[in-house]
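Since the structure comes first, as structure tokens, the remarks are kept for the end.
The values are calculated or read from the model by the stated rules, or taken from the named source; none is laboratory data. Just so we're clear, the structure is a prediction, and the values are computed from it rather than from any experiment. So basically every Cβ, Gly included, is an ideal-geometry build from the backbone, and we count neighbours across all protein chains shown.
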Amino acid sequence: MRIAVAGSHGLIGTALVAALRRAHHEVLLLVRREARASDEISWDPVTGRINPEQLAGVDAVVNLCGVGIGDRRWSGARKQEIRDSRIGATEALAGAVAAAGVPTLLNANAIGYYGNSGDRIVDESAPVGTGFLARVCADWQDATAAASEAGARVAIVRSGLVLARTGGMLGRLANLYRAGLGGRLGEGRQYMSWISLEDEVRALTFLLEHPEISGPVNLTGPAPVTNTRFNAALSRTVRRPAPWAVPAFALKAVLGEFAAEGVLAGQRAIPTVLEANGFTFHHHTIGQALDAALG
């Protein structure tokens, strides 16, 4: 297959591009500068500038664009950047997919779509939740409309917490836990729907290779856990105690609005669509995923 990837230098994009090339797919990289190689396509997600002719002959576009949700405290400007980096870029790519007649668009999204689900299990049939992240995810999904209206197969990839040795939340947490500074967040009852980086990439590849799958797809492991259980599992993996608890008020003081939606809230999301279509996980439990990432 000939596959164009936007967001190819992030945690997931880097691993996906490497895996696709190992499988002998032709991969084109969408870059935000002048193209310097035959496998690069120049575009500007800020202005929406992309030449659809450059996607001629492409079998699928994978859009992984978006600035980090929890990298900085949420100011008004940062929240707008979170929206624009997802919705504007997706509108541009969806339009280019439609104009070029690309058959498939895999578009990133997140389980934040469901809002705070508490201990209620949610799969792809669950409605949109409330809050800033849920609104962003819903608008992000809607931004693919041009592609689907043109007849492209569109899969909305709602990823959970991707566990990897470097990068992402686990990359930041691991060193704290190794220093004996780990602990639960708030009361620890919020659910964390995780997936190993290996299974994230395998699932994306699976979606590329299965044209019968479209619409929302949860990319989460089969057994989400509470923050308390995640804390215990990470403590075991790094072989250090994690007896501390960071109170909710302290998290809100440090992280602001992000604490309420991104740390103290959670989703108990399960991968119904993936499993119904025959996908099998390499890492079924949080312990297995953490061992794979950090062991």
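Points worth noting:
- Residues in region 17-68 that are within 18 Å of Val154 (Cβ to Cβ) and among the aliphatic types (A, V, I, L, M) were compared, and the one that is surrounded by the most Cβ atoms within 10 Å (Cβ to Cβ) is Val62.
- Inspection of region 230-251 finds no residue satisfying the criterion of being buried (at least 19 other Cβ atoms within 10 Å of the Cβ), in contact with a strand residue (DSSP E or B) (Cβ under 7 Å, 6 or more places away or on another chain) and under 23 Å from Leu64 (Cβ atoms).
- Of the residues making up region 66-85, those that are part of a loop (DSSP other than H, G, I, E, B) and under 20 Å from Leu30 (Cα atoms) are Gly66, Val67, Gly68.
- Residue check for Gly68: at pLDDT below 95 and over 24 Å from Leu197 (Cβ atoms): no
- Screening Arg178, Arg189, Arg158, Arg165 for residues that are over 16 Å from Ala94 (Cα atoms) and either free of Cβ contacts under 8 Å to residues at least 24 places away in the same chain or surrounded by 20 or more Cβ atoms within 10 Å (Cβ to Cβ) (or both) leaves exactly one candidate, Arg158.
- Taking first residues from region 120-147 that are modelled with pLDDT of 95 or more and partners that are surrounded by fewer than 16 Cβ atoms within 10 Å (Cβ to Cβ) and part of a loop (DSSP other than H, G, I, E, B), the Cβ contacts under 6 Å between residues at least 6 apart in sequence or on separate chains come to Ala134/Val128; Ala138/Val128.
The rows are residues; the columns are (1) among the small types (Gly, Ala, Ser); (2) over 24 Å from Gly167 (Cα atoms); (3) touching a helix residue (DSSP H, G or I) at 6+ places or on another chain (Cβ under 7 Å).
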residue	(1), (2), (3)
His25	no, yes, no
Ala37	yes, yes, no
Pro45	no, no, yes
Cys65	no, no, yes
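- Meets criteria (in contact (Cβ under 8 Å) with a residue 40 or more places away in the chain, over 21 Å from Val102 (Cβ atoms) and among the β-branched types (Val, Ile, Thr)) for Thr220: yes
- Hey, Arg72 in contact with a helix residue (DSSP H, G or I) (Cβ under 7 Å, 6 or more places away or on another chain), surrounded by fewer than 18 Cβ atoms within 10 Å (Cβ to Cβ) and not acidic (Asp, Glu) or not: yes
- Within region 82-113, the set of residues being over 18 Å from Pro216 (Cβ atoms) and of a type in the set (Gly, Ala, Ser) comprises Ser85, Gly88, Ala89, Ala92, Gly95, Ala96, Ala98, Ala99, Ala100, Gly101.
- Filter pass, Gly95 being assigned to a loop (DSSP other than H, G, I, E, B) and out of contact with any Ser or Thr (no Cβ under 9 Å at 6 or more places or on another chain): no
- Residues that are among the polar types (S, T, N, Q) and over 30 Å from Ala147 (Cα atoms) within region 206-240 comprise Thr226, Asn227, Thr228, Asn231, Ser235, Thr237, listed in sequence order.
- Failed condition for Leu105, given (1) in a helix (DSSP H, G or I); (2) crowded, with 21+ Cβ neighbours inside 10 Å; (3) of a type in the set (A, V, I, L, M): (1)
- Checking each residue in region 121-130 for being among the aliphatic types (A, V, I, L, M) and assigned to a loop (DSSP other than H, G, I, E, B) picks out Ala126, Val128.
- Scanning region 1-59 for residues that are assigned to a helix (DSSP H, G or I), of a type outside the set (A, V, I, L, M, F, W, C) and within 18 Å of Leu93 (Cα to Cα) yields Gly13, Pro52, Glu53, Gln54.
- Screening the candidates Gly118, Gly88 for the property of being in a helix (DSSP H, G or I) and among the small types (Gly, Ala, Ser) yields one hit, Gly88.
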